[in-house]
Structure formats: structure tokens, C-alpha cells
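Shown next, in C-alpha cells, is the structure this report addresses.
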Amino acid sequence: MKESPLFAKSYDFIRWLIPQTLKFPRQQRFVLAHRLQATAMDFMECLYQATDKPHQTSALAQADIKLKQLRFFLRMSHDLELMDSRRYEHASRQLEELGRLLGAWIKST
């Protein structure tokens, strides 16, 4: 399961996100950038926990919550003009795809 597109796309999203948050103004790097990075890493951890059958349902539910939090933090970054519209649109599309893949996994369990 670790080779599934969800894992690969999540990794690619985090790899893209971290350099983007380093461009935030210094005062926001300790608040919003940190929350974005930590939540993205938590999302990935939940996916890995979901590969363990006894904890699968709760880990997938937690991953869904983390994905919703990521959407919120990204929107806040855009609204505070820390992220331009082009990057926000790119991130939103990536999160939408992650949501579809996660939803398919949840549905299959």
C-alpha cells in the first residue's frame, strides 16, 4: 500500500509546500508556516499508521481531519497574502486530489 499514489502525491505535496512556507515573512514562519508544515507531516504520519490494519479506520479518519486543517491553513495563507493566487490554486488542486484518493481508501475499508 505504501507505493500507492496517495503516498507518492502526499510526499510530493510536502516537498513542494516546505520551500513555499520558507518564503513567508519571518513573523508568520513561526505561526502559520509552522502549522502548515506540521499538519502536512501529521497527515503523512496518519497515512502510514493506516497501513496497520488494527488502527486503519481511526488513522484514516484522523488523516481526513488533517487534510481539512491543511485546507484551512492554506486558505488563511492566501487570505493574508502570504501565498499568491497561482500557488494557492496549485496547492488547492493537489489537496483536492489527495482528498479524492483518501476518500477512495476510506470507502474501500
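With respect to the numbered conditions (1) of a type in the set (S, T, N, Q); (2) closer than 19 Å to residue 4 by Cα; (3) within 11 Å of the chain's Cα centre (by Cα), which one is the sole condition not fulfilled by residue 69?
(2)
Can you tell me which residue is modelled with the lowest pLDDT among those in segment 96-109 that are in a helix (DSSP H, G or I) and exposed (fewer than 14 other Cβ atoms within 10 Å of the Cβ)?
Here the answer is 108.
So residue 23 passes all but one of these: (1) without any contact (Cβ under 8 Å) to a residue 60 or more places away in the chain; (2) surrounded by fewer than 19 Cβ atoms within 10 Å (Cβ to Cβ); (3) assigned to a helix (DSSP H, G or I). Which condition number does it fail?
Exception for residue 23: condition (3).
Whether any residue in segment 78-95 is within 17 Å of residue 4 (Cβ to Cβ), of a type in the set (S, T, N, Q) and not in a helix (DSSP H, G or I) is what I want to check.
no
Got a sec? Which of 17, 6, 32 is crowded, with 16+ Cβ neighbours inside 10 Å, among the hydrophobic types (A, V, I, L, M, F, W, C), within 23 Å of residue 105 (Cα to Cα) and touching a residue at least 40 places away in the same chain (Cβ under 8 Å)?
6
Considering only segment 48-66, state which residues are part of a helix (DSSP H, G or I) and more than 11 Å from the chain's Cα centre (by Cα).
Answer for segment 48-66, where residues must be part of a helix (DSSP H, G or I) and more than 11 Å from the chain's Cα centre (by Cα): 48, 49, 53, 54, 55, 56, 57, 58, 59, 60, 61, 62.
Taking the conditions exactly as written (in a helix (DSSP H, G or I) and among the hydrophobic types (A, V, I, L, M, F, W, C)), does residue 32 satisfy them or not?
Against the criterion (in a helix (DSSP H, G or I) and among the hydrophobic types (A, V, I, L, M, F, W, C)), residue 32 qualifies.
The values are calculated or read from the model by the stated rules, or taken from the named source; none is laboratory data. What you see is a predicted model, and the numbers here were worked out from it, not measured in a lab. Here the Cβ is made from the backbone with ideal geometry for all residues, glycine too, and neighbour counts use every protein chain on show.
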